[in-house]
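The values are calculated or read from the model by the stated rules, or taken from the named source; none is laboratory data. As the structure is a prediction and not an experimental result, all values here were calculated from the model. Cβ placement follows ideal geometry from the backbone for every residue including glycine, while neighbour counts extend to all protein chains displayed.
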Number of protein chains: 2
Amino acid sequence: MSDIIKVFAPGSVSNVGCGFDILGFAIDGVGDEMIVKKNDQQRIIIESIKAYKDLPTDPKKNVAGVAIQTLLDDLGTTQGFDVKIEKNIKPGSGIGSSAASAAGAVVAVNELMGKPYSRLKLVGFAMKGEVVASGDEHADNVAPAMLGGFCLIRGYKPLDVISIKAPDDLWCVVIHPQIEIKTKESRALLAKEIPLKKAIRQWGNVAGLMSGLYTSDYALIGRSLEDHIVEAQRKILIPEFDEVKLSVMEAGALGCSISGSGPSIFALANGRDTAKVVAAAMDTVYRRTHIEYKIYVSKVSESGVRICK
Amino acid sequence: MSDIIKVFAPGSVSNVGCGFDILGFAIDGVGDEMIVKKNDQQRIIIESIKAYKDLPTDPKKNVAGVAIQTLLDDLGTTQGFDVKIEKNIKPGSGIGSSAASAAGAVVAVNELMGKPYSRLKLVGFAMKGEVVASGDEHADNVAPAMLGGFCLIRGYKPLDVISIKAPDDLWCVVIHPQIEIKTKESRALLAKEIPLKKAIRQWGNVAGLMSGLYTSDYALIGRSLEDHIVEAQRKILIPEFDEVKLSVMEAGALGCSISGSGPSIFALANGRDTAKVVAAAMDTVYRRTHIEYKIYVSKVSESGVRICK
């Protein structure tokens, strides 16, 4: 068994419009790279967090550190690890930055320990890392980063994660304005009570989205990508949200909403060509602002954390 | 083309636990029989409503009459019809009594007029009949009575009905205590605002139920059949609800909740044998009461309204 491993952990879009707190999917092509190595010091050492130097390297405060420690405690071992993280997703992006690190870290350690746990079990450990970032145990980024495709988190007590294969030609476009919104702040915006009528509309859309995913009905996926609960409250933190949404819908997107708690905005599209037109529409809107941004065009990723050979 | 037709319109279970106001399924073996005949009087005559004589025969107040008139108005014809209804479902049962009559009536008339409309289109006409019974246009009984299987009503503006085939061995047991609860009264019990946290749990379960239906995952269907919003408020109108639920779960039911707005209670089961044990458990609870009741054991019906040859 090797003492060192390199993994790639993908970014992810959670909430997915109507599926607030219960749905997420993995995206291709953007994510964290991590090199994890056994050490003989019986502790976790976060060696470098390339690109974002203000992230904590104290393993008790770092999402990867906390996630690994949870796994090691469960396994009852004092084995130590050196963790090098190359973060390609800016923290507070809304595309699962902390989840990628947490998921990648526990997959790497699990491999080095001889794979005692299933991927599904690892989701639970990675969730503990998420607490450090958001104050809440949530799995709607961690699960897709771990398992790939769409993930439904039906419930938490006990954790009930259901994998859903994405339709073959479902593409995702994400624009990430380089401003930071903390999940904690964004969560504080939400009303604690909602009208029953809106809730009914929301679960009608959630059911429609599920149906669309299982039957590859792209039009139904599009119709169902409505959020009448969260989007209106949170979009105020995101510059040009309405403008972006309007443009991408005109450009042929199936639907568009906030990725996670923002500031990233995602759109889904049927096929690569439409996805590129959608990306161009986003670009046109943001080019007029003075905000730096990145745009990612990718298929919904079939796989979660990958071991790099 | 014949001038007379006989149809069978099945009962249905709406809400289905977590899917309040958006889900329903058709049940086999119980429903209304209707004979519809063209007349030359340019009006709708409700001839007999066998078994329940206090239902209105005024076509403007009768669900079948209103549904037919809506179809005829859309078609722009003054053709008249005689309608004989043999109601086998007691009104106010919670198993789609009015929906069966409305669905059966418009299917019959559509056939006699040379099938100008699709079944999906007929749902819209039948919904207008439902208004007479419940005060609300809703399709969660009408759609399954019309189309069979499970139906998702994703939204109403415009009406968006999605058919879902039930897993092959999904059985339904319904107990119908012969007391009447009007949908209007039952609806008045519901709080207009609900906690966001409960709503999230509910749409997690809705998504889980959809996933279970599409993948024939009976255990997931069972786990998802939770309702944390409506059941607790409405069950107070239903004698022995908690007792029935407890017994059927012990008897191996996948899940159990209120059918429609009650008083009927439904349970789902994997396979006929379990369904029979579940039915026996319901029977044991209600035999101790002084309330009359009927118990129906059937598969989820694959078909909606049937033309009787």
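Things worth noting here:
- Among the candidates A:Phe81, A:Phe25, the residue that is crowded, with 24+ Cβ neighbours inside 10 Å, touching a Ser or Thr at 6+ places or on another chain (Cβ under 7 Å) and of a type in the set (Phe, Trp, Tyr) is uniquely A:Phe25.
- Complete set of residues in segment A:71-101 that are of a type in the set (A, V, I, L, M) and closer than 16 Å to A:Ile27 by Cα: A:Ile89, A:Ile95, A:Ala99, A:Ala100
- Subset of segment A:239-253 (residues that are in contact (Cβ under 8 Å) with a residue 60 or more places away in the chain and under 17 Å from A:Glu226 (Cβ atoms)): A:Val244, A:Val248, A:Ala253
- Restricting segment A:213-242 to residues that are within 11 Å of chain B (Cβ to nearest Cβ) and small (Gly, Ala, Ser), the residue that is farthest from A:Gly271 (Cα to Cα): A:Ser224
- Within segment B:114-132, the set of residues being small (Gly, Ala, Ser) and surrounded by fewer than 24 Cβ atoms within 10 Å (Cβ to Cβ) comprises B:Gly114, B:Ser118, B:Gly124.
- Candidate set from segment B:28-60 (those that are surrounded by fewer than 24 Cβ atoms within 10 Å (Cβ to Cβ) and in contact with a Leu (Cβ under 7 Å, 6 or more places away or on another chain)); member that is modelled with the lowest pLDDT: B:Ile49
- The listed residue being away from chain B (no Cβ under 14 Å), acidic (Asp, Glu), surrounded by fewer than 24 Cβ atoms within 10 Å (Cβ to Cβ) and part of a loop (DSSP other than H, G, I, E, B), out of A:Glu111, A:Glu180: A:Glu180
- Test: residue in segment A:143-151 that is facing chain B (nearest Cβ under 9 Å), part of a helix (DSSP H, G or I) and touching a strand residue (DSSP E or B) at 6+ places or on another chain (Cβ under 8 Å): no
- Test set (1) more than 14 Å from chain A (Cβ to nearest Cβ); (2) part of a loop (DSSP other than H, G, I, E, B); (3) not hydrophobic (A, V, I, L, M, F, W, C) - B:Gln69 fails condition number: (2)
- The single condition from (1) within 21 Å of A:Leu23 (Cβ to Cβ); (2) touching a Lys or Arg at 6+ places or on another chain (Cβ under 6 Å); (3) part of a helix (DSSP H, G or I) that B:His228 fails is (3).
- A Cβ distance below 6 Å, combined with a sequence gap of six or more or placement on separate chains, defines the contacts here; from segment B:104-125, residues that are of a type in the set (S, T, N, Q) reach residues that are in a loop (DSSP other than H, G, I, E, B) in the pairs B:Asn110/B:Tyr117.
- Scanning segment B:13-31 for residues that are more than 18 Å from B:Ile307 (Cβ to Cβ), away from every other protein chain (no Cβ under 11 Å) and not β-branched (Val, Ile, Thr) turns up B:Ser14, B:Gly17, B:Gly24, B:Phe25.
- Listed conditions (1) surrounded by fewer than 24 Cβ atoms within 10 Å (Cβ to Cβ); (2) away from chain B (no Cβ under 14 Å); (3) hydrophobic (A, V, I, L, M, F, W, C) are all met by A:Val161, apart from (2).
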